[in-house]
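**Q** Before I ask anything, here is the structure I am working with.
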Amino acid sequence: MMNARKSKGCREKRFKTRKYQRGAIVAAVLILQMLLIVICGTQKANYHVDEYATYILANSTRGISIEVEEGRKYCGDELFHPYFTVDRDAKFDYHTVWENQSKDVHPPLYYVFIHTVCSLFPGMFSKWFGLAVNLFFFILTGILVYNTAAKIYSDNLKALITLSIWGCMAGVVNTAVFIRMYTMAGFFVTAAVYIHLQLYKEKKAGIKFFAEVFLVTTAGGLTHYYLVVFIFFLALFYLIYFLYKKRFQEAFCYIVTYVISAITALGIFPSMLDHVFGGYRGEEAFSAIGESPKFLDIFQYVQLLAKEMTGNVFVLGVLFCIAVLLIGEKVYRRGIKNVLQRLVDLPELAMVVSSFFYCLIIMRIAPYITGRYLSPVYSLVCLVEMSVIWRIKNEIKIRQNLLNLITAVVGIIIVANTWSGGLRNLFLDSRYAITTAEENKDRDVLFVYDGTAWKANSSREELIRYKSYTFIKEENLVHYAEENALDGKVLYLLNTFDQDDLIKKIENVNENVKKAVLLYEGNYSTAYLLLTQ
């Protein structure tokens with residue numbers, strides 16, 4: 001009896017030791033991946049205009065858009081800095097966050113985190129404030145990726161390989177260095193899937209399950225409205241799952257949980273309804289749904305997804321074909337009825353269905369063709385990709401160790417392939433403009449704008465390096481050129497203007513300006529050097 005107890009105690013001790021070892025290895029992998037993101041973050045040369053909007057919406061007590069005084073000469077960061085930073089008397093002022101977001105088109109939860117970090121450093125602006133929030137949710141997502149993979153594959157080594165590949169994919173790193181809410185959104189997507197995995201092993205969903213669904217759904221909806229699309233299809237899948245399993249009481253509780261979650265989210269942020277149904281983004285989305293599909297746009301989205309998560313469309317297509325062949329082979333062998341029964345109990349199916357319909361809807365309603373709108377499901381795409389590769393072992397005779405090695409090598413090749421195009425969110429192509437501004441730091445800038453100054457945010461890194469910058473509305477440019485010396489100045493013109501026409505008007509009314517030499521082009525404006533000859 002004593003020997004049995006001792007043996008049992010030894011087994012438990014070994015199990016705990018292995019568990020701690022696994023935890024240490026997972027932590028080491030996540031730390032290395034975090035260091036990769038930090039290294040990439042140090043190379044971040046510029047900001048997207050929406051990244052600047054993140055800081056404004058989280059911190060500004062002056063409104064949600066930069067206001068300029070026409071004709072005033074600004075120097076350094078005096079125009080932008082007050083909008084991007086937290087005032088010392090406005091630290092942890094979440095009322096301002098709610099007020100700013102009610103005027104914007106997004107829910108407030110991500111901005112709460114940004115404002116909290118920025119409040120720890122009042123009066124300071126840094127990319128690391130936003131990147132710190134992203135790193136936090138990257139780590140949380142990584143833990144969920146590992147645990148989700150471990151539950152699906154029932155193999156910790158496979159889960160570790162999956163985690164290692166996921167965190168090194170260019171699409172995941174590119175999202176992490178983009179100071180917007182998409183890394184955070186990816187966490188809630190992964191959390192929602194992970195929570196539902198327990199349904200496959202437990203005969204009855206308990207209070208814990210419904211509480212977790214409530215929390216993740218509410219928080220996800222308060223992070224980005226697009227997550228509501230994913231949650232809807234995930235919930236629909238599992239509602240069908242409950243009904244198929246004849247677990248009707250749980251199906252009822254499941255529906256009630258989502259209803260309570262929706263009411264809670266609306267209670268926390270009432271502006272949500274106006275954003276979705278009355279805001280300009282909501283109107284654009286509903287209008288897009290009513291239009292005929294734009295297959296070229298969809299194909300461009302597929303290219304973006306493939307580039308960031310497999311390297312190219314060919315690899316994505318190969319994985320898709322393998323998945324179809326595996327399912328087709330099972331149908332042929334076992335009959336469609338038996339296969340359907342097994343598919344219902346297949347965890348990957350929920351991820352495939354939810355991600356597919358999420359991407360399909362977002363491709364239709366998103367205002368721009370960019371990978372960031374698809375990035376919340378990148379963790380699920382990786383899990384499905386790896387699952388396809390792992391399941392090949394069921395079809396061919398191959399030793400497990402050899403299969404793990406082959407999969408790791410294939411994963412490394414895929415990861416390397418995703419990096420072939422670099423990280424677009426580092427904005428390395430803007431370094432020339434910044435360097436040119438440094439070389440012309442003794443010159444003044446005349447920035448011609450259309451009455452709204454938000455587009456100037458994208459040129460901040462250059463403008464703050466010049467001696468000064470002055471804003472003039474397009475309709476007042478000719479009069480300003482008549483009254484002021486412009487030779488030697490740098491002229492910024494919005495890309496929406498007829499630039500050749502404006503330059504000719506300046507040359508006609510200002511005898512000191514004979515030509516305009518192109519310096520560089522930006523996202524919203526182009527810079528010229530005005531010369532006398």
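The values are calculated or read from the model by the stated rules, or taken from the named source; none is laboratory data. Since the structure is predicted, the reported quantities are computational estimates derived from the model, not experimental observations. A quick note on method: Cβ atoms are made from the backbone with ideal geometry, for glycine too, and the neighbour counts reach across all protein chains shown. Remember, those area values only see protein heavy atoms, side chains included, never the ligands or the DNA or RNA. Shrake-Rupley method; radii C 1.70, N 1.55, O 1.52, S 1.80 Å.
**Q** Looking at segment 179-242, which trypsin sites (Lys or Arg not before Pro) are in a loop (DSSP not H, G, I, E or B) and have at most 15 other Cβ atoms within 10 Å?
**A** The qualifying sites are 201, 203, 204.
**Q** Still on this model: Nearest 20 debye, what's the magnitude of the dipole of segment 346-482 about its Cα centre given +1 on Lys and Arg Cβ and -1 on Asp and Glu Cβ?
**A** 780 debye
**Q** Would you calculate a helix-derived [θ] at 222 nm for the chain, using -39,500 (n - 2.57) for each DSSP H run of n ≥ 4 and dividing by the full residue count, to the nearest 500?
**A** The helix-only estimate for the chain comes to -20500 deg cm²/dmol at 222 nm.
**Q** Between rounded, prolate and oblate, where does segment 89-128 land on the alpha carbon gyration tensor, with a ≥ b ≥ c its root eigenvalues, rounded for a/c under 1.5, else prolate if a/b exceeds b/c? Working shown, then result.
**A** Details: a/c = 2.29, a/b = 1.59, b/c = 1.44.
The shape class here is prolate.
**Q** A further question on this structure: Given 44/489; 73/127; 127/505; 127/201, which pairs have Cα atoms separated by over 32 Å?
**A** Cα-Cα > 32 Å for 127/505; 127/201; rest within.
**Q** Same structure again: Once you keep just the Cα pairs under 8 angstrom separated by 6 or more residues, what percentage relative contact order results for segment 213-262?
**A** 52 percent.
**Q** Return one number: the angle in degrees, 0 to 90 and rounded to the nearest 10, between the long axis of the Cα atoms of helix 182-196 and the longest principal axis of the Cα atoms of the chain.
**A** Taking Cα atoms only, the helix is inclined about 10 degrees.
**Q** Counting other Cβ atoms within 10 Å, which GluC sites (Glu not before Pro) in segment 66-175 have at most 15 and lie in a DSSP loop?
**A** Listed in order of number, the matching sites are 67, 69, 70, 78.
**Q** A further question on this structure: Answer with a single label: of (i) 134; (ii) 192; (iii) 144, which was calculated as volume of the Cα convex hull per residue in Å³ from the structure in view?
**A** It is the value labelled (ii).
**Q** Continuing with this model, one more query. If you take the charge dipole of the chain about its Cα centre, with +1 on Lys and Arg Cβ and -1 on Asp and Glu Cβ, which of 218, 404, 378 is farthest toward its positive end?
**A** 404
**Q** What angle, in degrees between 0 and 90 and rounded to the nearest 10, separates the Cα long axis of helix 109-119 from the longest principal axis of the Cα atoms of the chain?
**A** 60 degrees
**Q** Additional query: Round to the nearest 10 and give me the degree value, 0 to 90, for the angle of helix 94-103's Cα axis relative to the longest principal axis of the chain.
**A** That helix lies at roughly 80 degrees to the long axis.
**Q** Over the chain, calculate the relative contact order: mean separation of alpha carbon pairs under 8 Å at least 6 apart, over the residue count, as a percent.
**A** 18 percent
**Q** If you don't mind, there's one more thing I want to ask. How high is the relative contact order of segment 139-278? Use alpha-carbon pairs under 8 Å, at least six apart in sequence, and give a whole percent.
**A** 21 percent
**Q** Leaving out ligands, DNA and RNA, and with a 1.4 Å probe, what % of the accessible surface on segment 92-210 is carbon or sulfur?
**A** Carbon-and-sulfur percentage of accessible area, whole number: 68.
**Q** From the Cα gyration tensor of segment 44-193, with a ≥ b ≥ c the square roots of its eigenvalues, which class applies: rounded if a/c is under 1.5, or else prolate if a/b is larger than b/c, or else oblate? Before the final figure, lay out the partial values.
**A** Working: a/c = 2.94, a/b = 2.29, b/c = 1.28.
Since a/c reaches 1.5 and a/b is larger than b/c, the shape of segment 44-193 is classed as prolate.
**Q** Could you point to the residue in 260, 278, 109 farthest towards the positive end of the chain's charge dipole, with +1 and -1 charges on the Cβ of Lys/Arg and Asp/Glu respectively?
**A** Result: 260, furthest along the dipole toward the positive end.
**Q** Considering only protein heavy atoms, with the full assembly of protein chains and a 1.4 angstrom probe, order 151, 441 by accessible area, largest first.
**A** 441, 151
**Q** Around residue 191, with a cut-off of 15 angstrom between Cβ atoms, what is the net charge of the other residues, counting Lys and Arg +1 and Asp and Glu -1? Spell out each step's value before the answer.
**A** Numbers: positive: 151, 208; negative: 212.
Net local charge, residue 191 excluded: +1.
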